[in-house]
Amino acid sequence: MVSRAPTKTPFLCSLRIQIRVLSALFMREVLTRYGRHNIGFLWLFFEPMIFTLGVTALWTATQSVHGSDLPIVAFALTGYSSVLLWRNMPGRCIGALWANLPLMYHRNIRVLDIYISRLMLEFGGATISFTALGILFISLGWLEPPEDFLKVVGGWMMIAWFGSALAVTLGALSHQSELVDKLWHPASYLIFPLSGSAFMVYALPPVAQKIVLYIPMVHGVEMVREGFFGERAHAIYDLGYVIPFCLVLSVIALLLVNWVGQRVVPE
Amino acid sequence: MQRSEALVNILSERARNDTITLAQRDVDDAKAQAQNAAVALASYRNKQRIIDPKEQASAQLLMISKLQDELIASRTQLRQLQTYTPRASQIPFLRTQVRALQSEIDDQMAQIAGGSQSLAAASVKYQELQLNADFSNKQLGIAMASLQEAKDESERKQAYVDRIASPSLSDYPSAPKRIRSIFATIILGFLVWGVLSMLIVGIREHRD
């Protein structure tokens, strides 16, 4: 692609360039996705907010059984927000490269950059929606302020990390096989009830607990809930399992990105 | 373990001592009160020269009734003599006797009731002191009983700590699992290195 011999660029310069590329891609994503009509990029967090509000209303109306004495509003907020976080990331990254193939002409836009910009967008949207709804519910008195804010952040970041690694993996695979796109939608709907957003691990029978704890999102959701409710949540999670899991997934994701990057053909 | 037993017992000892001291103080108070009451009663007896106003009064009343019997007998005799033998030589003698008996009765009556030195006046104060002494004695009895109870109770509170199963040396160490930990660290290190190096390579791909 590059005709002249690559000159050695200092690391900090490269980093600066990447940040510039990422911010440009980010703005581009925002504009191409939401445009400038009506509320524009505010849809970024309005969309998940409406989702969460709807689910909260539904669960409140049906008095959904979740196996604990936690208030249903708080339960739905923490549960559904985290679902949005890990489910939308792969959803956005699958096929992201096909949509952005013309951009690959630019030397400084790498495959990973495209994924990262989309992940940033999803992460920002889900986080702003979670925070905004949390503040709204707290000010309405439907929700107690979190008992341990840092634990909430930690759990949230765990979910985000897992979601990102999964998204990049699936995104890279989807560039090679359309099957991924087709399979992801049913898979995501199947994983959703198992992801810990609709139940507390504590309320399950021990056999089911063992199986459910192999699903990495469960740990993150449990951690967020423990941060929110403290002892009352009876959260069960094991960082010693999730962190290595996410590390392995990250390595796989990055290897796949490299592999895809070598055979990507700009249109 | 011996030290924990000692600690438990020191703690219970303190609690025990506290209860016993409190009960003992109650007993001491009651004792002092009873003593005071007894002393007051005794000194009053000494001052008034009486032992028991009731007994003394009954004795004196007995004497008065005897004197009155005699007085009635003498008066009857005097009246008989005056009626049948007005010139009998015994009449003046009997008159003196009647007068003497009358005055003696009046005297004795005055000692029992009426006047500041009478037994009736003394008996009021005496009864008050007597009541006080009785009351103090009863209180002392109650305090003594509760002290005894506290002592019994504290005796029962002694706690014993004993070793049920003695610690044993394990046959083989189950932790730390050195080899396992080393492998885990190496693999985790590789994973972290892989992620970081690939990210850095990714950043380095951006060139001017």
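The values are calculated or read from the model by the stated rules, or taken from the named source; none is laboratory data. Remember, it's a predicted structure, so these values are computed and weren't measured experimentally. Reconstructed Cβ throughout: ideal geometry from the backbone, glycine too, with neighbour counts over all protein chains shown.
Below is a table of values for the structure above.
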{"item": "Residue check for B:A159: in contact with a helix residue (DSSP H, G or I) (Cβ under 9 Å, 6 or more places away or on another chain) and either surrounded by 14 or more Cβ atoms within 10 Å (Cβ to Cβ) or under 30 Å from B:S65 (Cβ atoms) (or both)", "result": "no"}
{"item": "Selected residue (only one of A:L133, A:L183 is at pLDDT below 90 and either assigned to a helix (DSSP H, G or I) or under 22 Å from A:L22 (Cβ atoms) (or both))", "result": "A:L133"}
{"item": "Single residue of A:F51, A:F26, A:F45 found to be at pLDDT below 75, under 25 Å from the mean Cα position of the chain (by Cα) and not small (G, A, S)", "result": "A:F45"}
{"item": "Residue within segment B:170-180 that is in a helix (DSSP H, G or I), without any contact (Cβ under 8 Å) to a residue 12 or more places away in the chain, of a type outside the set (D, E) and within 14 Å of chain A (Cβ to nearest Cβ) present", "result": "yes"}
{"item": "From A:Y214, A:Y189, residue being outside any helix (DSSP H, G or I) and exposed (fewer than 14 other Cβ atoms within 10 Å of the Cβ)", "result": "A:Y214"}
{"item": "Identity of the residue in segment A:233-267, small (G, A, S) and in a helix (DSSP H, G or I), that ends up farthest from the other protein chains (Cβ to nearest Cβ)", "result": "A:A233"}
{"item": "Any hit, segment B:186-205, residues being among the acidic types (D, E) and in a helix (DSSP H, G or I)", "result": "no"}
{"item": "Among (1) within 13 Å of chain B (Cβ to nearest Cβ); (2) at pLDDT 90 or above - the single one A:L119 does not satisfy", "result": "(1)"}
{"item": "Test: residue in segment A:83-91 that is part of a loop (DSSP other than H, G, I, E, B), over 30 Å from B:E205 (Cα atoms), in contact (Cβ under 8 Å) with a residue 40 or more places away in the chain and more than 14 Å from every other protein chain (Cβ to nearest Cβ)", "result": "no"}
{"item": "A:L112, sole failed condition from (1) more than 14 Å from chain B (Cβ to nearest Cβ); (2) closer than 30 Å to A:H219 by Cα; (3) not hydroxyl-bearing (S, T, Y)", "result": "(1)"}
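One line per residue, one yes/no per condition, for (1) closer than 24 Å to A:Y241 by Cβ; (2) in a helix (DSSP H, G or I); (3) modelled with pLDDT of 90 or more:
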position: A:F137; (1), (2), (3): no, yes, no
position: A:L150; (1), (2), (3): yes, yes, yes
position: A:V153; (1), (2), (3): yes, yes, yes
position: A:M157; (1), (2), (3): yes, yes, yes
position: A:A172; (1), (2), (3): no, yes, yes
position: A:G196; (1), (2), (3): yes, no, no
position: A:A208; (1), (2), (3): yes, yes, no
